[in-house]
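Scroll down for the structure; my scribbles are underneath it.
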Amino acid sequence: MDKLSIIVPCYNEEEAIPIFFPAVEKVVQQIYGLKTEYWFVNDGSTDNTLNKLRKVHSMHPEQVHYISFSRNFGKEAALYAGLQAAQGDYVVVMDVDLQDPPEFLSEMYSIIKSDDYDCVGTRRVDRNGEAKFKSFLSNQFYNVINKISQTNIVPGARDYRMMTRQMVDAVLSLKEYDRFSKGIFSWVGFRTKYLDYHNVERVAGETDWSTWKLFKYAMDGIADFSQAPLSLAVWLGTFSFIASIIGIVFVIIRRLVEPSSSVFGWASLVCLILLIGGLQLLCIGIVGKYVGRTYMQSKHRPIYIIKEKQ
Ligand code: UDP
Ligand code: MG
């Protein structure tokens with residue numbers, strides 16, 4: 001019998017948990033020859049999530065486990081903790097809000113069993129029910145990152161995916177502190193099949209991802225999987241250097257040809273100083289982003305801290 005580990009990050013999901021568990025159980029019990037274990041990860045929730053998890057655990061002590069963090073470490077850390085704890089031959093990662101339809105589990109399992117694939121992911125083909133501006137930003141993000149990164153980031157791909165043990169071990173071997181899962185799952189390689197589906201709204205509770213938070217997440221993803229912004233700094237520097245050489249030559253020639261004209265140009269001078277100052281700050285900022293990541297990595301801090309585990 002194969003064992004499937006189901007990893008579920010939860011942050012303030014007291015309402016979703018009691019709906020999620022029976023919904024998934026209904027599907028997996030239909031799958032022949034499959035045994036399941038659950039790893040719920042309570043990512044420092046401030047509501048009753050932990051009590052809900054304790055309750056499900058006490059009803060199914062062998063099958064349902066939970067890890068509770070000492071504070072909110074973020075979904076990426078929760079996923080990592082779950083992957084580390086999972087014992088199964090196959091591992092699936094899914095959200096607790098039922099935006100990742102459990103009906104896919106049996107199809108995922110039969111595809112992954114067929115040996116042709118090491119991973120079955122899911123991809124949203126639309127974003128109904130999401131703000132237009134948010135969808136626009138995320139489309140732009142996929143355009144940009146796929147142009148400047150070697151790692152292919154599949155547009156609309158969710159974290160919802162089933163993986164073989166071999167792939168899970170590969171994902172765990174990446175010990176980086178700033179974990180951008182969408183990139184990591186793709187970076188490790190292996191053959192992945194994507195199942196398409198239409199966006200489903202949250203079953204309960206509210207999303208924690210504001211547009212601003214998503215934007216920062218996207219910027220972090222770019223810094224994690226591309227060095228193109230660093231080259232941008234080099235190109236901007238080169239360009240303004242060449243422009244300044246041309247400017248100097250121009251000024252000297254003008255001075256020689258028409259000595260009286262040198263008092264003009266104060267306004268343009270101020271604009272140039274501002275422009276170059278701005279470019280310099282931008283480039284320092286870009287470099288700083290990478291230095292900051294190196295700094296965090298060099299501290300070797302743990303990715304999460306567990307307070308309670310069952
Ligand atoms: N989540 C988490 N830690 C966080 C934020 C979210 O573990 O800091 C979990 C959350 O409980 C849910 C999943 O990650 O199971 C996805 O979150 P959400 O539904 O808010 O994101 P969306 O589906 O809108 O991308
Ligand atoms: Mg969700």
* To do: Could you please let me know if residue 237 is assigned to a loop (DSSP other than H, G, I, E, B) and either more than 17 Å from the chain's Cα centre (by Cα) or within 16 Å of ligand 2 (Cβ to nearest atom) (or both)?
  => no
* Taking the stated definitions as given, is residue 96 among the β-branched types (Val, Ile, Thr) and within 25 Å of residue 23 (Cβ to Cβ)? -> yes
* To do: Sort out which residues of segment 143-171 are out of contact with any strand residue (DSSP E or B) (no Cβ under 7 Å at 6 or more places or on another chain) and buried (at least 18 other Cβ atoms within 10 Å of the Cβ), and write them in order of number.
  => 145, 149, 151, 153, 170, 171
* Restricting attention to segment 83-132, and to residues there that are away from ligand 2 (no atom under 16 Å from the Cβ), farther than 12 Å from residue 162 by Cα and in contact (Cβ under 8 Å) with a residue 40 or more places away in the chain, which single residue is surrounded by the fewest Cβ atoms within 10 Å (Cβ to Cβ)? -> 116
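Looking at 84, 99 in this structure, which one is within 16 Å of ligand 1 (Cβ to nearest atom), out of contact with any strand residue (DSSP E or B) (no Cβ under 7 Å at 6 or more places or on another chain) and either modelled with pLDDT of 90 or more or part of a strand (DSSP E or B) (or both)?
Answer to the selection: 84.
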* To do: Hey, can you tell me all the residues within segment 38-64 that are more than 14 Å from ligand 1 (Cβ to nearest atom) and either more than 15 Å from residue 20 (Cβ to Cβ) or modelled with pLDDT of 95 or more (or both)?
  => 51, 54, 58, 61, 62
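Any idea which of 179, 191 is of a type in the set (D, E, K, R) and in contact with a strand residue (DSSP E or B) (Cβ under 8 Å, 6 or more places away or on another chain)? Walk me through it before giving the result.
Details: 179 fails: in contact with a strand residue (DSSP E or B) (Cβ under 8 Å, 6 or more places away or on another chain).
Going through 179, 191 in turn, just one is of a type in the set (D, E, K, R) and in contact with a strand residue (DSSP E or B) (Cβ under 8 Å, 6 or more places away or on another chain): 191.
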* Asked: Which condition number does residue 228 fail, the rest of (1) exposed (fewer than 12 other Cβ atoms within 10 Å of the Cβ); (2) farther than 30 Å from residue 164 by Cβ; (3) modelled with pLDDT of 85 or more being met?
  -> (1)
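The values are calculated or read from the model by the stated rules, or taken from the named source; none is laboratory data. Keep in mind the model is a prediction, meaning the values are calculated, not measured. Note: ideal-geometry Cβ built from the backbone for every residue, glycine included; neighbour counts use all protein chains shown.
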